[in-house]
Structure formats: C-alpha cells, structure tokens
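The values are calculated or read from the model by the stated rules, or taken from the named source; none is laboratory data. Fair warning: this is a prediction, and the values are worked out from it, not measured in the lab. Cβ atoms come from the backbone with ideal geometry, glycine included; neighbour counts cover every protein chain shown.
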Amino acid sequence: MRTPQHSMQKLTGWMLILFSCISLNSCAQKNDNTIKQDGKTMEYEVKKSETEWKNSLTPTQYSVLREKATERPFTGLYDKFFEKGTYYCAACGEELFESSTKFDAGCGWPSFYDPAKPHNVKEIPDSSHGMMRMEVVCSKCGGHLGHVFDDGPEPTGKRYCINSASLVFKKK
Ligand SMILES: [Zn+2]
C-alpha cells in the first residue's frame with residue numbers, strides 16, 4: 001500500500017532527475033564555439049554563443065546561418081540582383097563571392113560558379129531531407145550558406161546555390 005510519504009519520496013526522486021537533466025542541458029549550451037555538421041562537431045575561428053548570434057543577426061539571418069533554414073525561392077534580396085561588387089558573410093564579414101561569378105540559374109536563389117577565394121567556403125556532405133548534397137558553409141564562422149551542385153556553367157561547372165539571408169553585398 002502506498003503511503004503519502006512514499007509518493008513524496010518518489011516525487012523528490014523525479015524532481016532530482018529532472019533537475020539534473022536541466023543542468024546537463026545548460027552545460028551543453030555553454031559549449032557554444034562549435035557547430036554540428038554531418039554528425040561531427042567542428043570548431044571555427046569566429047566563436048560566439050547562440051545568444052550573441054541571436055543578438056547580432058536578424059531572425060531570418062539567424063534561422064538560415066545558424067539553424068540551416070532555406071529561404072523560400074524567389075524571395076531573397078539578391079535573387080534577381082546583378083550589381084557589381086562583393087558578397088560577404090552576413091554573420092562574420094568573410095569575403096565569400098564576387099558579382100563577376102554570379103549568374104541567373106532560374107532556381108530562385110543567388111547562384112555563383114566560384115567562391116571569391118577557394119578556402120573561404122567549406123563544403124560538407126549533407127544527407128538531410130533524404131538527399132545526398134554538399135552543404136556550403138563559411139569557413140570562418142561555420143554559418144550555413146546553401147548547397148553546391150555540379151550543374152553550373154563553365155569554367156567550373158559548379159552552382160553555388162546560396163541563401164540571400166547569409167550574404168551582405170557591398171558595391172564596388
Ligand atoms: Zn561567416
């Protein structure tokens with residue numbers, strides 16, 4: 001037979017478990033200079049906590065760069081945009097693409113056939129959404145930019161399909 005004391009002990013036990021889960025979770029969140037990619041934890045030069053990222057980015061930039069969201073096609077600022085200049089990472093300011101390599105792929109997202117500097121973007125295998133794709137991230141902060149495909153124009157044959165929200169354009 002259960003006594004009120006027994007139930008009380010049980011409740012205390014559950015509260016302890018719950019409390020340790022919360023503490024563990026807050027510890028995990030403190031380890032904020034890394035980003036999970038392809039099941040591995042990577043470290044990048046630009047280290048900010050998720051709170052700092054949230055405060056320095058707009059909600060759309062945050063969901064794309066930090067949570068790997070994809071903006072709806074044909075809605076981004078730079079989709080039909082062909083001014084001469086340079087595109088920088090909206091999170092850390094790294095130089096990513098030049099307008100001279102931008103082309104209209106008709107896919108609804110800004111498309112480039114080459115990065116400004118090969119080492120400024122990093123390509124990571126991505127098997128999410130039941131597809132095998134190559135994710136493109138900023139090599140300095142790890143921010144999600146988009147994906148790269150092999151159906152681009154010459155001379156590289158690559159199509160870097162990038163979210164406008166990840167980029168900041170500066171006119172030449
Ligand atoms: Zn960056």
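Go through the residues of segment 71-90 one by one and say whether even a single one is β-branched (Val, Ile, Thr), in a loop (DSSP other than H, G, I, E, B) and away from the ligand (no atom under 16 Å from the Cβ).
Taking segment 71-90 as the starting set, the residues that turn out to be β-branched (Val, Ile, Thr) are 75, 86.
Then drop every residue that is not in a loop (DSSP other than H, G, I, E, B), which leaves 75.
The next check asks that each one be away from the ligand (no atom under 16 Å from the Cβ); those that pass are 75.
Yes, because at least one residue in segment 71-90 is β-branched (Val, Ile, Thr), in a loop (DSSP other than H, G, I, E, B) and away from the ligand (no atom under 16 Å from the Cβ).
Being within 19 Å of residue 46 (Cα to Cα), at pLDDT 95 or above and surrounded by 14 or more Cβ atoms within 10 Å (Cβ to Cβ), is that true of even one residue in segment 72-87?
Yes.
Can you find a residue in segment 59-69 that is aliphatic (A, V, I, L, M), part of a loop (DSSP other than H, G, I, E, B), at pLDDT 95 or above and within 19 Å of residue 146 (Cα to Cα)? Show your work before the answer.
Taking segment 59-69 first, the residues aliphatic (A, V, I, L, M) are 64-65, 69.
Those still in the list that are part of a loop (DSSP other than H, G, I, E, B) too: 69.
Applying the additional criterion that residues be at pLDDT 95 or above yields 69.
Filter once more, so that each one left must be within 19 Å of residue 146 (Cα to Cα): 69.
Checked against the condition, which is being aliphatic (A, V, I, L, M), part of a loop (DSSP other than H, G, I, E, B), at pLDDT 95 or above and within 19 Å of residue 146 (Cα to Cα), segment 59-69 yields at least one hit.
How about segment 91-106: which of its residues are within 16 Å of the ligand (Cβ to nearest atom) and either part of a loop (DSSP other than H, G, I, E, B) or over 21 Å from the mean Cα position of the chain (by Cα) (or both)? Before you say what the answer is, go through the steps one by one.
Taking segment 91-106 as the starting set, the residues that turn out to be within 16 Å of the ligand (Cβ to nearest atom) are 91-97.
91, 92, 93, 94, listed by residue number.
I'm checking my understanding of the structure. Among residues of segment 109-160 that are among the β-branched types (Val, Ile, Thr) and outside any loop (DSSP other than H, G, I, E, B), which one is farthest from the ligand (Cβ to nearest atom)?
The selected residue is 148.
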